[in-house]
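Structure record follows, encoded as structure tokens.
The values are calculated or read from the model by the stated rules, or taken from the named source; none is laboratory data. Being a predicted model, the structure only gives us computed values, none of them experimental. Cβ placement follows ideal geometry from the backbone for every residue including glycine, while neighbour counts extend to all protein chains displayed. The accessibility values were calculated without ligands, DNA or RNA, using every heavy atom of the protein model including side chains. Shrake-Rupley method; radii C 1.70, N 1.55, O 1.52, S 1.80 Å.
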Amino acid sequence: MCCSASRRIVAIPRIYTHVSDQSAVFGTQVISCSPREALYVLDGLLANNTILQIREHTTDTHGYTEIVFALCHLLGFYFMPRIRDLKDQQLYRVDRESDSGGFTPLLTKTADLRIVEEQWEEMMRVALSLKQRTAPAHVIVQRLTNSFPSDRLSKAFTNLGRMIKTQYILRYLTDRDLRRTVQLQLNKGEYRHKLPRRIFFANQGEFTTGDYEEIMHKASCLSLVSNAILYWNTLKITEIVEQLRAQGEEVDQATLAHISLLPFKHVVPNGTYFIEEREPR
């Protein structure tokens, strides 16, 4: 199961959502505009209480840091961000003297494996704390980020993340299917934004309150209604496909792969009301 995280700007707060490769929302957070979105990547993944078994996760550039690369690796998620300006990314080797063939000119820096080995037990304790959700993930990520480079534990996570990031970027550059998977998943998240914009028509989609609980209730309801429409669309599209096949039409899987489950022109966001006229008594 692959998922992605995406953002939607609504007045001062932002709704940060985690969307599966089936276009369903399984995580919703209200975050401020100040911190980087990478802080909240793990919150949605670790708070997932659905039947979805998340193995891969995509984000855009705002959702990536080297520390997030390291934590995702330790937690069993394959992190697949779309990183802007790849040509400017610093790549690392483990051994300064090693020969990496055609990639050697790109690997201009060396990651420190010794500090990773030194801090390994502490790193695993942090990963376990995240698994057990003893503290919000974004708080832990923020502390690790703020304490770099003076703190050795933070340096260990950063150096591990540098190695994982380098492996990923080299694969991204050479694996066309990986690039296509990342782009398709991010496109699903971006396209899904059009549906909540249609549903959240009141006040032009802006929150008019600063109360966190009220904003979170509205954001959660928005995700619930979006998922309900996705489910209804899936049922109806399945019925149409079955009818076509029963009539002898050929509908192959390649064609179905290009059909979105999030059309919304048939959705009437403000309802349809029938008023029965009665004669006055």
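Taking segment 160-201 as the range and being hydroxyl-bearing (S, T, Y) and touching a residue at least 40 places away in the same chain (Cβ under 8 Å) as the test, the residues that pass are T166, Y168, Y172, T181, Y191.
Among the criteria (1) more than 30 Å from N270 (Cα to Cα); (2) open to solvent by 70 Å² or more (accessible area, probe 1.4 Å), the one K165 does not fulfil is (2). Within segment 226-238, residues that are touching a residue at least 40 places away in the same chain (Cβ under 8 Å) have Cβ atoms under 6 Å from residues that are polar (S, T, N, Q) and open to solvent by less than 30 Å² (accessible area, probe 1.4 Å) in these pairs: L230/S23, counting only partners at least 6 apart in sequence or on another chain.
Candidates are the residues of segment 95-121 that are over 19 Å from P149 (Cβ atoms) and within 30 Å of the chain's Cα centre (by Cα); the one that is surrounded by the most Cβ atoms within 10 Å (Cβ to Cβ) is L107.
Looking across segment 234-269 at every residue that is of a type in the set (S, T, N, Q) and in a loop (DSSP other than H, G, I, E, B), the one that is modelled with the highest pLDDT is identified as Q247.
V267 passes every criterion in (1) surrounded by 13 or more Cβ atoms within 10 Å (Cβ to Cβ); (2) under 30 Å from Y64 (Cα atoms); (3) touching a residue at least 24 places away in the same chain (Cβ under 8 Å) apart from (2). Filter segment 82-99 for residues that are free of Cβ contacts under 8 Å to residues at least 40 places away in the same chain and not in a loop (DSSP other than H, G, I, E, B) and give the result. K87, D88, listed by residue number.
In the set S220, S226, only one residue is touching a Pro at 6+ places or on another chain (Cβ under 9 Å) and within 27 Å of M80 (Cβ to Cβ); that residue is S226. Six or more apart or on different chains, Cβ atoms under 6 Å: show the pairs whose first residue is in segment 138-159 and polar (S, T, N, Q) and whose second is surrounded by fewer than 15 Cβ atoms within 10 Å (Cβ to Cβ) and assigned to a helix (DSSP H, G or I). Every condition considered, the pairs that remain are S154/S147. Right, R179: surrounded by 15 or more Cβ atoms within 10 Å (Cβ to Cβ), closer than 27 Å to H266 by Cβ and under 17 Å from the mean Cα position of the chain (by Cα) or not? So R179 fails the test. Taking segment 25-80 as the range and being of a type in the set (S, T, N, Q) and open to solvent by less than 20 Å² (accessible area, probe 1.4 Å) as the test, the residues that pass are T58, T59. In segment 201-216, of all residues being closer than 12 Å to I15 by Cβ and modelled with pLDDT of 80 or more, the one that is most open to solvent (accessible area, probe 1.4 Å) corresponds to M216.
For segment 16-61, give me the residue count where each residue is part of a helix (DSSP H, G or I) and over 11 Å from the mean Cα position of the chain (by Cα).
Step one: list which residues in segment 16-61 are part of a helix (DSSP H, G or I), which gives 37-46, 61.
Pick out the ones that are also over 11 Å from the mean Cα position of the chain (by Cα) and you get 39, 46, 61.
The total comes to 3.
Table: residues versus (1) open to solvent by 50 Å² or more (accessible area, probe 1.4 Å); (2) under 20 Å from Y92 (Cα atoms); (3) over 18 Å from the mean Cα position of the chain (by Cα).
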{"site": "M124", "(1), (2), (3)": "yes, no, yes"}
{"site": "I140", "(1), (2), (3)": "no, no, yes"}
{"site": "R143", "(1), (2), (3)": "yes, no, yes"}
{"site": "A156", "(1), (2), (3)": "no, yes, yes"}
{"site": "L170", "(1), (2), (3)": "no, yes, yes"}
